[in-house]
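In what follows, a structure is listed as structure tokens, so that the remarks can point back to it.
Bear in mind that the values in this text are calculations on the coordinates, not laboratory data. Treat the numbers as computed from the prediction; the structure is a model and nothing was measured. Neighbour counts run over all protein chains shown; Cβ positions are idealised from the backbone, glycine included.
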Amino acid sequence: ADRGVCCLDELDKMPKSHQDGLLEAMEQQQVSVAKAGVVASLPSRCSVIAAANPKSGHYDQDNTVAENLRMSSPLLSRFDLVFILRDQAD
């Protein structure tokens with residue numbers, strides 16, 4: 001997806017190993033691939049739009065955004081904009 005858009009849903013459910021790979025791609029702007037004895041680095045210059053739900057199904061204002069989303073701070077810091085949408089229960 002070089003020079004494209006990567007859209008991710010339910011980022012909070014992504015395993016830690018995949019989050020680490022995403023962080024590498026966002027920091028280095030390349031992805032390392034090793035398949036069938038071939039090792040390559042592919043460019044991954046793209047915009048990332050992601051959505052995540054807070055743990056336990058509700059946002060706890062006493063916790064940080066990273067804690068609420070179960071996401072590492074380095075990964076969260078790679079996003080330029082972070083929007084928190086909250087629904088007030090009646």
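Which distance in Å, rounded to a whole number, links the C-alpha centroids of segment 1-40 and segment 44-90? Between the Cα centre of segment 1-40 and that of segment 44-90, the gap is 19 Å. Checking [x] 15.3, 58; [y] 11.8, 34; [z] 14.4, 42 against Rg and Dmax of the Cα atoms in Å calculated from these atoms, the matching label is [x]. Rounded to the nearest 10 degrees, the inclination of helix 16-28 to the longest alpha-carbon principal axis of the chain is 70 degrees. Of all the options ALA34, ALA52, ALA25, the one that moves most in a Gaussian network model of the chain with Cα springs shorter than 10 angstrom is ALA34. Most simply put, the chain has about 60% antiparallel DSSP beta bridges, counting only bridges with both residues inside it.
The coefficient of translational diffusion for segment 37-90, derived via Stokes-Einstein from the alpha carbon Kirkwood radius under 20 °C and 1.002 mPa s, stands at 156 µm²/s. Placing pseudo-labels 7 Å out from each Cα toward the beta carbon at ARG45 and ASN63 gives an inter-label distance of 3.7 nm.
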